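Each value in this text was obtained by applying a stated rule to the coordinates, not by laboratory testing. Given the structure is predicted, the values throughout are model-derived calculations rather than measurements. Note that we place each Cβ from the backbone using ideal geometry, even for glycine, and neighbour counts take in every protein chain shown.
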Amino acid sequence: MHMTKKESDRMDEASPTLVSLKDVTKTFKGHFWSKRKTILSGVTLELGEGTVAGIIGHNGAGKTSLFKILTGLAFPDKGRVSFGEKMGDNPRQRLGFLPENPYFYKYLTAIEALSFYVALFDGVNVSPLELEHALIQVGLPKDVHAQRLNTFSKGMLQRFGFAQALVNDPLLIILDEPMSGLDPVGRKEIRSLIEGLKRNGKTIVFSSHILDDVEKLCDTVYLLDGGRLVNKIQMNDILGKSSWCIDYSLTHHADDTAEHREVVLTKKELHLRVTSVIQSGGTLTNIERVIPPLEEWIDRRATKGPNI
Ligand SMILES: Nc1ncnc2c1ncn2[C@@H]1O[C@H](COP(=O)(O)OP(=O)(O)OP(=O)(O)O)[C@@H](O)[C@H]1O
């Protein structure tokens, strides 16, 4: 059963903020004769404890830059990043990060490389057995643990990247395109891994171009466009609201009949579309209630301009 809007709002209120960005702006200077370029502009968002957020947007929208600011690898020109009490005095010790194109020391074996990453954290002690478990958890079986990383496939390296992001048992997990390079089976495994992390109370934020994964995993989806957050979508709002799918055929010329499928989000739109199909001499073949796909929702909401 899906939650109502009121219930989802209550859930949001119930989950304290683990990290927030307030009015974050980031600019870069290119060549000395070029103007400063604004990469992120007035970005404000909050991630609640135990929630999964997705950041979507075109190439160059600013997703990686946002993550670099969240991790402390880059600093905002304006605005600030604040962490909830649970993240402690040194929040970077409590976060895990999987970069988009990670570089690993390829002559180390998986187990050696993971021990190396553990050593980068103060006060984090992981036994050899726990290291093995961390690799197995991300889908790297025992027989590859002693293999050098330069023998790993792209998908295996992505899984290793996951293991290094989780090895310090982080509260906040930031994943820059975690599904890239994975086949459908691999993606499914990583999705279950993320679901498991959420069940264990972790907060996860990830970017992806694969809306299907975003739809399946996220509580909240943020749409970034040209460095601005232009849309915030609560998945419960979508799931709780059905829309309509209309199938119809329209004859343009005697020998040219085209089949159409459209999704509309409101009863008023449904009425208007059906009337216009009939007035154009079209034939309705099917009308059914559906859950609006995220893609459809984004298109409709984005055209209405910034609304967060
Ligand atoms: N160090 C830098 N110096 C100058 N420009 C930069 C720098 N880092 C990022 N940019 C620019 O900032 C913009 C946003 O880049 P970013 O990598 O954050 O986008 P993205 O949404 O992650 O893209 P993609 O989906 O392709 O990974 C791009 O136009 C990029 O060229």
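As a test of the formula, what do you get for the chain when each DSSP H run with n ≥ 4 contributes -39,500 (n - 2.57) and the sum is divided by the residue count, at 222 nm and rounded to the nearest 500 deg cm²/dmol?
-10000 deg cm²/dmol
If contacts are Cα pairs under 8 angstrom and at least 6 residues apart, what is the relative contact order of region 5-239 in percent?
28
Mind telling me which of ASN200, ASN286, ASN168 comes out most flexible in a GNM of the chain, alpha-carbon contacts under 10 Å?
Top of the fluctuation ranking is ASN286.
Once fully extended, how much extra length lies between THR27 and GLU85, figured as 0.36 nm per residue of separation less the alpha-carbon to alpha-carbon distance?
18.0 nm
How much of the DSSP bridge set in the chain is antiparallel, in percent, rounded to the nearest 5?
Working: 37 of 54 bridges.
Here the antiparallel bridges make up roughly 70 percent for the chain.
Under a point-charge model restricted to the Cβ atoms of Lys and Arg (+1) and Asp and Glu (-1), what is the dipole moment magnitude of the chain relative to its Cα centre, in debye to the nearest 20?
Dipole magnitude for the chain comes out near 960 debye.
Along the charge dipole of region 5-239, Cβ charges K/R +1 and D/E -1, which of LEU223, ASN125, ASN200 sits furthest on the positive end?
My answer, from the dipole projection, is LEU223.
Please rank VAL205, VAL277, VAL185, fewest neighbouring Cβ atoms within 10 Å first, as an exposure proxy.
Working: VAL205 24, VAL277 18, VAL185 10.
Ranked by crowding around the Cβ, least crowded first: VAL185, VAL277, VAL205.
Between their Cα atoms, which of LYS22/LYS68; LYS29/LYS63; LYS154/LYS202 are more than 24 Å away from each other?
LYS154/LYS202
From the cross-link list LYS37/LYS78; LYS35/LYS232; LYS106/LYS142, which pairs have alpha carbons spaced over 21 Å apart?
Violating the 21 Å Cα-Cα cut-off are LYS35/LYS232.
Which one of TRP244, PHE32, PRO16 is farthest out on the positive end of the charge dipole of the chain, using unit charges on Cβ (Lys, Arg +1; Asp, Glu -1) and the Cα centre as origin?
The listed residue farthest towards the positive side: PHE32.
So which lysines can LYS268 reach, going by Cα to Cα under 19 Å and dropping same-chain residues fewer than 8 places off?
Counting by Cα, and skipping residues close in sequence, LYS268 has these lysines nearby: LYS241, LYS304.
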